[in-house]
Amino acid sequence: FSLIQSAMKRQIRELTRAEEEVMQVLWSIERGVVNQILEKFPDPKPAYNTVSTIVRILVKKGVVYNEVHGNTHKYIPKISKEEYTKIYLNHFVGNYFNNSYKTLVSFFTDEEQLSVQELEEMKFFIEQSIQKKKSHE
């Protein structure tokens, strides 16, 4: 990780649900003006002013760039969906599972709602990760 990336990770706070919804749209369209973002929302769509306000908050939080072209403001994600997912997951595991991924996995494997097939798929992914780590040692 570069110094800039690690500094960004320390500064980024969890996004609200509304902010995440706007970010999901921005990640899917890669860049856009408020009307383009609004277009992608399912009905009933939020108000234009609501989306505009949320985007400005995202700019202040440092997760979106504001590119100005005359009177037009184009918004571009400053952080990738994958980067945010890692940050969010680290916060989640820290807040709910005492910073233990083992406890997180145990929680999910103990849930009765997981099928044998889902557990087998999880096992497969874990085994793949183990093999990757062993090959890099």
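We did not get these values from a lab; they are worked out from the coordinates using the rules stated. Everything numeric here is computed off the predicted structure, so don't read it as measured data. Note that each Cβ is placed from the backbone with ideal geometry, even for glycine, and that neighbours are counted across all protein chains shown.
With each run of n ≥ 4 DSSP H residues scored as -39500 (n - 2.57), what mean residue ellipticity at 222 nm is computed for the chain after dividing by its residue count and rounding to the nearest 500 deg cm²/dmol?
Calculated from helices alone, the mean residue ellipticity at 222 nm is -20000 deg cm²/dmol.
What aspartates and glutamates could a cross-link reach from LYS45, if we take a straight Cα to Cα line under 19 Å and drop same-chain neighbours fewer than 8 places away?
GLU19, GLU20, GLU21
Say a paramagnetic label sat at a point 7 Å from the Cα of HIS73, along Cα to Cβ; which residues of region 15-39 have their backbone N under 19 Å from it?
16, 18-27, 29-39
Could you tell me which of the pairs LYS102/LYS133; LYS60/LYS81; LYS40/LYS60; LYS81/LYS134; LYS81/LYS123; LYS78/LYS132 are separated by over 20 angstrom between their Cα atoms in the structure shown?
Over 20 Å Cα-Cα: LYS40/LYS60; LYS81/LYS134; LYS81/LYS123; LYS78/LYS132.
Please give the peptides 97-110, 47-60 ranked by average Cβ packing (other Cβ atoms within 10 Å per residue), highest first, as a rough proxy for protection.
47-60, 97-110
Do you know the relative contact order of the chain, to the nearest whole percent, from alpha carbon pairs under 8 angstrom that are 6+ apart?
Taking the mean separation of contacting Cα pairs over the length of the chain, I get 18 percent.
Roughly speaking, what is the stretch gain from GLU83 to TYR48, that is 0.36 nm per residue apart minus the C-alpha to C-alpha distance, in nm to one decimal?
The GLU83-TYR48 span can extend by a further 9.8 nm.
Could you size up the charge dipole of the chain around its Cα centre, putting +1 on the beta carbon of Lys and Arg and -1 on that of Asp and Glu, and report it in debye to the nearest 20?
820
Per 0.36 nm of contour for each residue apart, how much would the distance between PHE108 and LYS60 grow if the chain were fully extended, relative to their Cα-Cα spacing?
Here the segment from PHE108 to LYS60 would lengthen by 13.7 nm.
Ranking request for peptides 68-79, 123-134, 24-35: highest mean number of other beta-carbon atoms within 10 Å first, then the rest in descending order.
24-35, 68-79, 123-134
Using alpha-carbon pairs under 8 Å, 6+ residues apart, how would you state the relative contact order of region 17-64 in percent?
38
Among PHE97, PRO77, VAL59, whose Cα sits farthest toward the positive end of the charge dipole of the chain (+1 at Cβ of Lys/Arg, -1 at Cβ of Asp/Glu, about the Cα centre)?
Ranked along the dipole, the leading option is VAL59.
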